[in-house]
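Computed from the coordinates by the stated procedures, all read-outs in this text should not be read as laboratory data. Predicted model, so just to flag it, every value in this text is computed and none were measured. Every residue, glycine as well, gets a Cβ built from its backbone with ideal geometry; the counts of neighbours run over all protein chains shown.
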Amino acid sequence: MPTTLTPPEWLTRRGASMRQGINERSWFVYFAGQPQYEVTPMPVKGKFGCEIRQTINGKRLDGQGMYPTSEEALRGGLEELRKTLGW
């Protein structure tokens, strides 16, 4: 997994930031300095999916995307989050 990640433009435009979690796989999306979502690439049937979880209530927002690498799954998970948020 990347140790640095440039947040997508749709996040930075809304004042959000991203920070890597302590397990080095997860990334947290912060709004107003508070972690709101955790995005974690997960191995699935020889490929990768992405687990998306709201930090305030644990609700899962996972998409159905499958990706060849964990980095692509992370980017795909962020795109799925964007769509879920309606942005």
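Here are a few things to note about the model shown:
- The C-beta contact set for region 40-60 (first residue closer than 16 Å to Gly76 by Cβ and touching a residue at least 40 places away in the same chain (Cβ under 8 Å), second residue not in a strand (DSSP E or B) and not polar (S, T, N, Q), distance under 6 angstrom, 6+ apart or interchain) comprises Pro41/Ala73; Pro41/Leu74.
- Screening Ser70 against (1) within 13 Å of the chain's Cα centre (by Cα); (2) without any contact (Cβ under 8 Å) to a residue 40 or more places away in the chain; (3) closer than 18 Å to Thr6 by Cβ leaves a single unmet condition, (2).
- Region 65-87: number of residues that are more than 17 Å from Trp10 (Cα to Cα), surrounded by 18 or more Cβ atoms within 10 Å (Cβ to Cβ) and either in contact with a helix residue (DSSP H, G or I) (Cβ under 8 Å, 6 or more places away or on another chain) or among the aromatic types (Phe, Trp, Tyr) (or both): 1
- Phe28 meets the conditions (1) under 10 Å from the mean Cα position of the chain (by Cα); (2) surrounded by fewer than 17 Cβ atoms within 10 Å (Cβ to Cβ) in every case but one. The failed one is (2).
- The residue that is surrounded by the fewest Cβ atoms within 10 Å (Cβ to Cβ), among those in region 43-64 that are within 15 Å of Leu81 (Cβ to Cβ) and aliphatic (A, V, I, L, M), is Ile56.
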